[in-house]
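The values are calculated or read from the model by the stated rules, or taken from the named source; none is laboratory data. The structure displayed is predicted, hence computed values, not measured ones. Quick reminder, even Gly has a Cβ in these numbers, built from the backbone with ideal geometry, and neighbours come from all protein chains shown. SASA here: full protein model, heavy atoms, side chains in, ligands and nucleic acids out. Shrake-Rupley method; radii C 1.70, N 1.55, O 1.52, S 1.80 Å.
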Amino acid sequence: MNYITQRLLTFPLVLLGVSLLVFFAIRLVPGDAIIAMLGTEAGLLTDAQRESLAAYFGLDQPIIVQYGRWLAGLFEGNLGISVIYGKPVLEVILMRFPLTLELALLSMLIALVVGIPAGVFAATRADRPSDLAVRVFAMLGQSTPSFVVGLLLIYFLSVVFRALPAMGSFTPLFVDPIGNLSQMILPAITLGLSFAAAVTRISRSAMLDVLSDDYVRTARSKGASQRDVVWRHALPNALIPVVTLSGVEFGYLLGGAVIVEQIFALPGLGRLTLDAISQRDYPLVQGAVLFIAFNFLVVNLIVDLAYAALDPRIRLGGK
Amino acid sequence: MSTLLGVHDLHVGFGRDPQDNEVVKGVSFELAAGKTLAIVGESGSGKSVTALSVNRLVDFGGGRITRGTITLQRADGTAVDITAADEPALQRIRGREIGMIFQEPMTSLNPVHTVGAQIEEAFRLNRGLGGAAATRAAREALERVRIPDAAQRLKYYPHQLSGGMRQRVMIAMVLASNPRLLIADEPTTALDVTVQAQIMALLAELREELDMAMIFITHDIGLVAGIADDIMVMQHGVAVEQGKLDAVLDNPQHDYTRHLLKAVPHFTSGRAVRSDGGSPAVAPIVTVDNLAVRFPVAKGLFRRRSGAVHAVDGVDFDLRPGETLAIVGESGSGKSTTARAILGLVKATRGRIEAKAGRSGRPVQMVFQDPYASLNPRLTVEALLAEPAIAAGQRVDAKLRQRMVFLLERVGLTKDALSRYPHQFSGGQRQRLCIARALMLNPDVVVLDEAVSALDVSVQARVLELLIDLQHEFGLAYLFISHDMAVVERIAHRVAVMYAGQIVEIGKAAAVLGAPQHSYTKRLIAAVPAIERRRQHFSVDVTQVPSLVRPSGFEPPAARWREAGEDHRVRVEEVA
Amino acid sequence: MALLRAVMRHPSGRIGAAIIALFLILALMGAVGLTPHDPLKQFVVDRMKGPSGTYWFGTDLLGRDTFSRLMLGIGESFLIAFASVAIAATAGTLIGLFAAWWGHLWDGILMRIMDVLLAFPAILLALLIVAIQGPGVMTSITAIGIVYTPIFARVARAPALALKAREFVEAARTFGSTQRYILTRHLLLNLIAPLTVTITLALAWSLLTESGLSFLGLGSQPPAPSLGVMLAESKSMMTRSPWLMLFPGLTIMLAILGFNLLGDALRDILDPRTQERRA
């Protein structure tokens, strides 16, 4: 079977698994579903009110039927009503999503622009001092948790420059680009640092592997220059692991960077989920988690298609 | 004739301390314009490193020229010392003055660019062509290396072409620059013998046409006879003998050259077959009757079975006690699948495989091709040898250990091997371990699947001798699967030739190898290089192997046979 | 032992091993009570002190000794990391091994389940589990264990598939070796090398996830000292006493660095390609 159709076929399968997991995980939360949905206010209900509510939400039905109804609702974009906000869950999520998307894109931009050239540079100078320097920085970058980087950045900014980025509310990019970027740049650097470190390390090792391949020797035997060899012959072959890693990291960033959003007080998807969990807003938790996993799967699908674009062996099949 | 290339006292080392890790230790030779020098040696002889030093590609593999000069007469009449040239100067020499083709056609082309783009690049770099001119030149180059449908093939990616086709693409790429020197590093080693003959023919033809000098590197001294003017034999980084082709082949001076010529198997058209053993009168120990192995091919979204690869299609033969039956064929002929079906490693789609109950519960054992992959690297030799016995329900006790020691000594290893791990042995020693393991349960039949193909030629000879000795001592029958006619000639009593999943000819080794009847057998045997065939004119033959994918429900027509002599049967060819 | 010697010869392996050894010693001393001060005791007069001869890394808002608290925090982080990686490595390896061995439908089912788990960012999946179980050490261990199981399944499956097709496994079949013998001797034994590398790196990831969880207040609960909690508490006092942030931050970073360095060294040492180059 063709690679692309295979990917397209497994996608809904995994998505179904994700929905099952989310649905039943929420039902594992201690306490009954009414409490789960209404929070502490449920304590004020009479037994009769409880039963009619349960019937209204279909909670008196077998769990499989409940799941089926919920799933059917999903197809219409109905993720339920958020308890905290009193609005449809999807609306609440989509309000927070632009920030998360922008942050993820900015971080990836930083990571790729820094990471790929650094990795290629290090690989072509393997075991020389410049390679060693790149490796040390990448190692440190990968070992420093984002909250440590974030706190250090805030500290230096506030102590050294006596300035703090705007926190609390979010300025959309289209409203005030400068205000938006000045607000986003520190969190983006925070997230981009370890991302860039990972990209650097994987580009370096992939390039090192590829540079010792036979076709690179062939290119040299034709009289190709070092520049041609590196950028035309080696790099396209080394990109697959870089794309894999970037896709996975980007996909996870689309789920919201809980910790960095917390540190920089950004109202993104991650904090929304965290708040929903701590305030027991289960329709919102359920919706947000599903939305995040869905995004991740979509990004992964794009990555799979990117493989096919990068590598004719995957695109065209064969040995 | 002017000297094109002069190599003087070349030393090449590797690693941090190249002077202490020399792989080439003082090699000198001269090559005249338009002439061909063959460098012959086994792995580790330094032959490839010598060749890679001539265009300084050795630098990129971690090598360093520590001493000596390499003087190249350039096309403009100036001379340059390659050992002292800087990288930009070398880039102008590579491709333009010195072209190179490599051993592994499967990995030597860049998988992400079309073959057209890769050939065009060579024209761009060395002739300054671009755009439509480069495309046209690339197409002409492909036509010149006899690739049919060249304009279409330019758009192919390397993985869509066979090994032989890829090697032609490599040659087309070299032609782009019209180099005065071509270095060919084992260019046919990874190819089937009939494809090898095609590539050799092509090289010989182009060499004449372009008046190109050539350095031809190989482990096969028989192959050299057809193409070289001069020959240099290398061993352990030193040229032990060099001279004119006829002088070296007919009157070798050095022991190692004599060894390569005499001890190593060379094909002699059935004159070197065994005269011992093989008793046709007895009842067969293994009978294979109408064996077919098919692998389903699924297509489309719902994996509908659209047909099947007929890997083995109606094979019959008998294996008699104490004899060697060799199954020869090229890749895709179904010879290995036949062996694997006998061992139950693949399921037979149809047919009967019958092995007579012999001396033990499992009368048939197998030795695989790759001695590195067939021994678990994490187990000691003792554990490796014990495995068949444990599987048969035996206990690891003093008696079993005694048998291990007996067999180890019998295959030429010592008792202290028991506590060692596979990586502590050479390839030849490992294959001896595999043989000992296969004999642990005292089988009647050993299936040897390309069992000596991965070994160096001189190791090959010794393992073959061991196999013959063991056959006499234990009364073993061998089913010997091989693509190598020279090896088969040394060990087989009978030979079966397989082509496209079927046996086309089977009979006594001397008859099949000496007087082949079937057209494929004839073609195969004509392609085998031999020392006696000097400066042979290989003819370019572009016959392609037919596809083995058949539509569902396809059954091959029943085979008709004719007797070509006593114990020699040939499949009757359908006239198309 | 040969492996240990090779690690000590490898430059980054040496540094990584030294850091981990140091932290293990500190954690053990903390566990048996060999701390400079009582980590829970509040020295009210000595609140928010900078580093000094008495309080090496200073004290916090409640006057507790930072160094002593760090020693306990390391111990707890390491305990969670080791326990959760043990769960993930065992479960993941078995899943990957059987997926590869059985193949076909089972491979599809098991690996798709792993894909489902992988679709959640680590912290988010952990948050979800915390929401179900309530925060605590056991929750952190289960959560992180589940989060990294699919990674081990993938890491084990790829080489297991390759091993399954290797000639020594085919040879074993021709001898009639039992499935159990083949799975343990031929597959599992050869999976140890790639798994060692992943285990070491997973320890680093798991430290990262654990400290992230407790930073968000969803890991270990106060007053138990935890690196993430200490760092979260320091945020509000950042400008007045930066060392409250600096020392826990450096400690987490060093611990992760130690495992990353060791993992890198092990990869170099155990990689068959570098072995070939050396041979």
If you go through C:Phe152, C:Phe82, C:Phe78, C:Phe168, the only one that is closer than 23 Å to C:Leu231 by Cα and open to solvent by less than 20 Å² (accessible area, probe 1.4 Å) is C:Phe78
May I ask you to list pairs of residues, at least six apart or on different chains, whose Cβ atoms are under 8 Å apart, with the first in the stretch A:118-134 being farther than 11 Å from A:Arg204 by Cβ and the second being aromatic (Phe, Trp, Tyr)?
A:Ser130/A:Phe121
Quick one: which of B:Gly44, B:Gly34 is in contact with a helix residue (DSSP H, G or I) (Cβ under 9 Å, 6 or more places away or on another chain) and assigned to a loop (DSSP other than H, G, I, E, B)?
B:Gly34
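Could you list, in sequence order, all residues of the stretch B:529-567 that are among the polar types (S, T, N, Q) and modelled with pLDDT under 75?
Within the stretch B:529-567, B:Gln536, B:Ser539, B:Thr543, B:Gln544, B:Ser547 qualify.
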In the stretch B:340-362, how many residues are within 12 Å of chain C (Cβ to nearest Cβ) and assigned to a loop (DSSP other than H, G, I, E, B)?
7
Scanning the stretch C:171-211 residue by residue, the ones that are open to solvent by 40 Å² or more (accessible area, probe 1.4 Å) and away from chain B (no Cβ under 14 Å) total 3
Name the pairs whose Cβ atoms lie under 7 Å apart, with the first residue in the stretch B:303-314 and in the same structural domain as B:Val549 (by TED's automatic domain parsing) and open to solvent by less than 40 Å² (accessible area, probe 1.4 Å), the second at pLDDT below 85 and part of a strand (DSSP E or B), and 6 or more positions between them or separate chains?
B:Gly307/B:Val297; B:Gly307/B:Val549; B:Gly307/B:Arg550; B:Gly307/B:Pro551; B:Ala308/B:Pro296; B:Ala308/B:Val297; B:Ala308/B:Arg550; B:His310/B:Arg550
So is B:Ser360 more than 30 Å from A:Gln6 (Cβ to Cβ) and buried (at least 16 other Cβ atoms within 10 Å of the Cβ) or not?
no
Check on A:Glu102, under 19 Å from A:Leu272 (Cβ atoms) and open to solvent by less than 50 Å² (accessible area, probe 1.4 Å)
yes
Picked from the stretch A:134-161 (must be open to solvent by 50 Å² or more (accessible area, probe 1.4 Å) and closer than 20 Å to C:Gly13 by Cα), the residue farthest from the other protein chains (Cβ to nearest Cβ) is A:Phe137
From the list B:Val463, B:Val447, B:Val459, pick out the single residue that is more than 14 Å from chain C (Cβ to nearest Cβ), open to solvent by less than 10 Å² (accessible area, probe 1.4 Å) and either in contact (Cβ under 8 Å) with a residue 12 or more places away in the chain or among the basic types (Lys, Arg) (or both).
B:Val463
Report whether or not A:Ala276 is buried (at least 23 other Cβ atoms within 10 Å of the Cβ) and out of contact with any strand residue (DSSP E or B) (no Cβ under 7 Å at 6 or more places or on another chain).
yes
Could we say that B:Ala122 is within 21 Å of B:Pro187 (Cβ to Cβ), within 14 Å of another protein chain (Cβ to nearest Cβ), of a type in the set (Gly, Ala, Ser) and open to solvent by less than 10 Å² (accessible area, probe 1.4 Å) here?
yes
Restricting to the stretch A:12-22, what's the tally of residues that are more than 18 Å from C:Leu110 (Cβ to Cβ) and either touching a residue at least 60 places away in the same chain (Cβ under 8 Å) or surrounded by 14 or more Cβ atoms within 10 Å (Cβ to Cβ) (or both)?
2
Give the number of residues within the stretch B:389-416 that are within 18 Å of B:Gly361 (Cα to Cα) and touching a Ser or Thr at 6+ places or on another chain (Cβ under 8 Å).
3
Within the stretch C:243-261, work out how many residues are open to solvent by 30 Å² or more (accessible area, probe 1.4 Å) and at the interface with another protein chain (Cβ under 7 Å from one of its Cβ atoms).
1
Filter the stretch B:182-194 down to the residues that are in contact (Cβ under 8 Å) with a residue 60 or more places away in the chain and more than 12 Å from every other protein chain (Cβ to nearest Cβ), then identify the one that is surrounded by the most Cβ atoms within 10 Å (Cβ to Cβ).
B:Pro187
Scope the stretch C:169-228; condition in contact with a Lys or Arg (Cβ under 8 Å, 6 or more places away or on another chain), closer than 24 Å to A:Pro145 by Cβ and not in a helix (DSSP H, G or I); matching residues
C:Pro225
Could you list, in sequence order, all residues of the stretch A:12-24 that are under 15 Å from A:Ile292 (Cα atoms) and at the interface with chain C (Cβ under 10 Å from one of its Cβ atoms)?
A:Val14, A:Leu15, A:Leu16, A:Gly17, A:Val18, A:Ser19, A:Leu20, A:Leu21, A:Val22
Neighbours by Cβ (under 7 Å, 6+ apart or cross-chain): first from the stretch C:160-174, more than 14 Å from C:Leu97 (Cα to Cα); second among the small types (Gly, Ala, Ser) and open to solvent by 10 Å² or more (accessible area, probe 1.4 Å):
C:Arg166/B:Ala373; C:Glu167/B:Ala373; C:Phe168/B:Ala373
May I ask you to verify whether B:Arg462 is of a type in the set (Lys, Arg) and either assigned to a loop (DSSP other than H, G, I, E, B) or in contact with a helix residue (DSSP H, G or I) (Cβ under 6 Å, 6 or more places away or on another chain) (or both)?
no
Selected residue (criterion: farthest from the other protein chains (Cβ to nearest Cβ)) from residues of the stretch B:18-46 that are open to solvent by less than 40 Å² (accessible area, probe 1.4 Å) and out of contact with any Ser or Thr (no Cβ under 8 Å at 6 or more places or on another chain):
B:Gly26
Looking at the stretch B:95-148, which of its residues are in contact (Cβ under 8 Å) with a residue 24 or more places away in the chain and hydroxyl-bearing (Ser, Thr, Tyr)?
B:Ser108, B:Thr114
In the stretch C:116-145, how many are within 11 Å of chain A (Cβ to nearest Cβ) and in a helix (DSSP H, G or I)?
15
Within the stretch B:82-106, can you find the residues that are part of a loop (DSSP other than H, G, I, E, B) and within 8 Å of chain A (Cβ to nearest Cβ)?
B:Gly95, B:Arg96, B:Phe102, B:Glu104
Quick check on B:Gly68: is it in contact (Cβ under 8 Å) with a residue 60 or more places away in the chain, within 14 Å of chain A (Cβ to nearest Cβ) and buried (at least 17 other Cβ atoms within 10 Å of the Cβ)?
no
Given the criteria within 20 Å of B:Val528 (Cβ to Cβ) and in a helix (DSSP H, G or I), does B:Ala204 qualify?
yes
For B:Glu241, state whether it is on the phi > 0 side of the Ramachandran plot and in contact with a His (Cβ under 8 Å, 6 or more places away or on another chain).
no
